[in-house]
1. Restricted to region 442-468, and to residues that are at pLDDT 80 or above and assigned to a helix (DSSP H, G or I), which residue is nearest to Ser354 (Cα to Cα)?
2. Just one of Leu254, Leu294, Leu238, Leu268 is within 16 Å of the ligand (Cβ to nearest atom) and either surrounded by 15 or more Cβ atoms within 10 Å (Cβ to Cβ) or over 31 Å from the mean Cα position of the chain (by Cα) (or both); which is it?
3. Quick check on Tyr184: is it more than 21 Å from Val33 (Cα to Cα), part of a helix (DSSP H, G or I), within 51 Å of the chain's Cα centre (by Cα) and in contact (Cβ under 8 Å) with a residue 40 or more places away in the chain?
4. Suppose the filter is of a type in the set (Ser, Thr, Tyr), under 30 Å from the mean Cα position of the chain (by Cα), at pLDDT below 80 and more than 23 Å from Thr344 (Cβ to Cβ); does Ser221 pass it?
5. Out of curiosity, is Ser358 among the small types (Gly, Ala, Ser), under 17 Å from Gly424 (Cβ atoms) and either touching a residue at least 12 places away in the same chain (Cβ under 8 Å) or surrounded by 18 or more Cβ atoms within 10 Å (Cβ to Cβ) (or both)?
6. For region 156-178, which residues satisfy the criterion of being more than 20 Å from Leu109 (Cα to Cα) and touching a residue at least 12 places away in the same chain (Cβ under 8 Å)?
7. Residue under question is Glu255, and the condition is that it be part of a helix (DSSP H, G or I) and on the phi < 0 side of the Ramachandran plot; does it hold?
8. Of the numbered conditions (1) among the aliphatic types (A, V, I, L, M); (2) assigned to a loop (DSSP other than H, G, I, E, B); (3) surrounded by fewer than 17 Cβ atoms within 10 Å (Cβ to Cβ), Met370 fails exactly one; give the number of that condition.
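The values are calculated or read from the model by the stated rules, or taken from the named source; none is laboratory data. Fair warning: this is a prediction, and the values are worked out from it, not measured in the lab. No Cβ is skipped: glycine too gets one built from the backbone with ideal geometry, and neighbour counts run over all protein chains shown.
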Amino acid sequence: MERLKRYFKYFFRDELSIRHRLVNAILGSAFVVQFPALIISIFVGTGKFGLITQIVMTVIIFIVLYLTNKFPDSPVPNIVIVIVANVFVFPLMYFLCGGYRTGIVIWMLFGAIFTWLIVDTKWALVTSVVTFIMLNGCLHIEIHHPGYVSYLDTRNDEILDTSIAYIFVTLIFGFIFKYQTKSYEDQAKVLRDNDEALRLLNENLEEANIRLESASEAKSSFLANMSHEIRTPINAVLGMDEMIIRECKDKQILEYANDIDSAGHQLLSLVNDILDFSKIESGKMELHPVEYELFSVMNDCYNMIFMRAKRKELKFIIENDPDMPAFLYGDEVRIRQIIMNLLTNAVKYTKDGSVTLSLGYEKLSDEMIMLNIAVKDTGIGISEENRKYLFDSFKRIDERRNRNIEGTGLGLSITKRFTDMMGGTIEVDSVLYEGSTFTVKIPQKVADEGKIGHFADRLNRRNEALEAADKGSEAEEKKKGFTAPRARILVVDDVKMNLNVVRLLLKNTQIQIDLASSGEECLKYTLMKSYDIILMDHMMPIMDGIEALHKVREQADGLNTDTPVVALTANALVGAQEMYLEEGFVSYLSKPVKSTDLEECLLKLLPEDKIVNE
Ligand code: ADP
């Protein structure tokens with residue numbers, strides 16, 4: 001019984017097609033009927049010819065049943081059944097079992113229709129034509145040579161045979177159609193259930209997506225807040241420190257102040273790296289191509305790196321191809337960031353020797369060049385096995401050797417992402433303990449035909465001119481500026497320290513400054529006095545800067561409905577500038593604000609007649 005069940009399960013297993021299960025059902029039933037019939041015939045005794053026919057039939061059914069299950073994907077066993085049944089068995093039965101007056105014609109019809117169920121259309125068509133010819137052939141042979149047919153004994157036997165054939169064929173087809181309909185219904189139900197499951201899954205996915213989106217929004221606003229929260233105190237520290245550098249004469253204290261300045265800027269660049277990285281991760285980093293002067297980028301990098309290299313007694317060399325175009329079109333800020341990241345690393349990971357920045361180009365077309373930036377150092381180098389991790393985020397290699405060197409493992413990852421975004425490549429060539437060369441290639445548009453010349457020559461000329469013009473210290477330099485004693489501005493910020501920083505930064509300008517520590521306080525001032533400029537912080541409790549700006553604009557009897565308002569904020573996220581301008585701010589200053597930026601902004605916006613001594 002167990003074995004029978006196993007066979008049943010095997011013949012009707014789910015992975016078989018409905019057509020295949022049908023073939024199994026028919027052949028299985030035929031075998032179940034044919035095999036006992038053969039045994040009975042052997043015992044009861046039947047004609048030699050009948051016995052051979054029965055044995056052949058049983059063997060054929062068995063072989064085809066075996067083959068069709070052994071090779072379920074092959075159409076051959078089905079074709080074999082169709083040919084054997086239609087071409088051999090039925091025509092043979094026609095002559096052996098009584099000709100057209102018996103049920104054999106019904107069986108032949110059965111064979112022809114059955115063909116359509118189990119083989120594909122092409123084979124079914126061929127077989128139909130063949131069976132038609134076979135039936136006609138049998139009928140003609142019977143008409144012309146009735147002696148070839150062994151007729152049944154009586155007319156009653158013929159009627160009985162026809163009736164049995166009718167009943168069998170009807171039952172078999174009935175079973176087949178019912179089985180097929182049921183199978184399709186079952187399949188349709190499974191599909192409906194799957195559909196429902198898919199719909200539910202979709203709904204869950206949509207919900208998860210909404211949750212993810214809101215989590216990502218939360219992350220963005222967390223970043224904005226974090227940027228604000230961290231940059232605000234840095235702003236205060238750097239601003240106050242700048243005041244010390246400006247005003248203090250004590251050498252020792254100036255040294256401390258310079259250390260605070262360098263550590264503060266380091267902290268700031270770290271916060272910026274994390275912000276940049278998060279922006280890249282969330283896909284919010286965008287390129288802002290502008291026309292820029294290559295010399296100015298090199299100059300900035302030189303100024304920023306020169307002192308660091310000097311402090312470590314490293315030689316800092318800048319070389320360039322003098323024929324390079326002087327003006328390019330691209331994202332100047334990111335290009336500078338890439339060069340700075342590579343130069344900072346080169347200085348960080350080099351104990352003695354030199355750091356060299358080389359700029360070159362290859363012409364791609366009349367309008368495009370490939371900008372080649374190479375930063376070479378004589379530092380600790382990078383082993384071959386570590387090179388593959390170089391551009392991974394937060395991955396610092398050889399941490400044991402580099403434990404005294406500050407870093408987050410983000411610089412090169414950000415550099416690589418920026419390079420990729422600009423359609424460029426970055427490569428590294430390094431020999432352990434001898435040094436490394438990082439080469440970045442970025443396609444850039446040429447904005448002007450002019451050539452840059454030798455950077456080193458231009459730099460020397462500029463330095464000589466600067467030295468001649470100004471023999472004073474860096475601190476002296478910072479004390480220069482303009483005055484505007486008749487100008488009046490209002491500064492709004494919820495952090496007292498920030499208010500103080502702006503006040504102190506502008507001390508030398510003699511501008512009259514009012515300080516408001518909330519949106520509400522700002523509205524009180526704007527009712528009482530008319531200002532030339534309002535500097536407004538964005539993130540303030542209760543009433544933020546944007547709301548305060550709108551209220552100032554709409555203030556009935558307000559004296560500042562047209563006063564230019566500048567956003568003074570630590571929000572450095574992408575799109576911040578556009579957002580502020582759209583809200584109605586005239587300009588945007590990112591904290592920690594530099595005194596030069598602040599003064600430049602005021603100079604632009606203050607009425608000219610109030611500026612003296614520029
Ligand atoms: P980090 O903030 O640690 O400097 P980076 O992403 O800039 O992060 O660099 C990843 C790692 O690659 C560094 O920790 C350092 O081990 C190695 N590296 C980067 N530049 C150099 C270089 N010029 N010479 C030797 N090792 C370097």
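1. Ranking the qualifying residues of region 442-468, first place goes to Ala456.
2. Being within 16 Å of the ligand (Cβ to nearest atom) and either surrounded by 15 or more Cβ atoms within 10 Å (Cβ to Cβ) or over 31 Å from the mean Cα position of the chain (by Cα) (or both) holds for just one of Leu254, Leu294, Leu238, Leu268, which is Leu268.
3. yes
4. Working: of a type in the set (Ser, Thr, Tyr): yes; under 30 Å from the mean Cα position of the chain (by Cα): yes; at pLDDT below 80: yes; more than 23 Å from Thr344 (Cβ to Cβ): yes.
Taking the combined requirement at face value, the residue satisfies it.
5. Details: among the small types (Gly, Ala, Ser): yes; under 17 Å from Gly424 (Cβ atoms): yes; either touching a residue at least 12 places away in the same chain (Cβ under 8 Å) or surrounded by 18 or more Cβ atoms within 10 Å (Cβ to Cβ) (or both): yes.
Taking the combined requirement at face value, the residue satisfies it.
6. Taking region 156-178 first, the residues more than 20 Å from Leu109 (Cα to Cα) are 156-157.
Selection gives Asp157 alone.
7. For Glu255, the condition - part of a helix (DSSP H, G or I) and on the phi < 0 side of the Ramachandran plot - is met.
8. (2)
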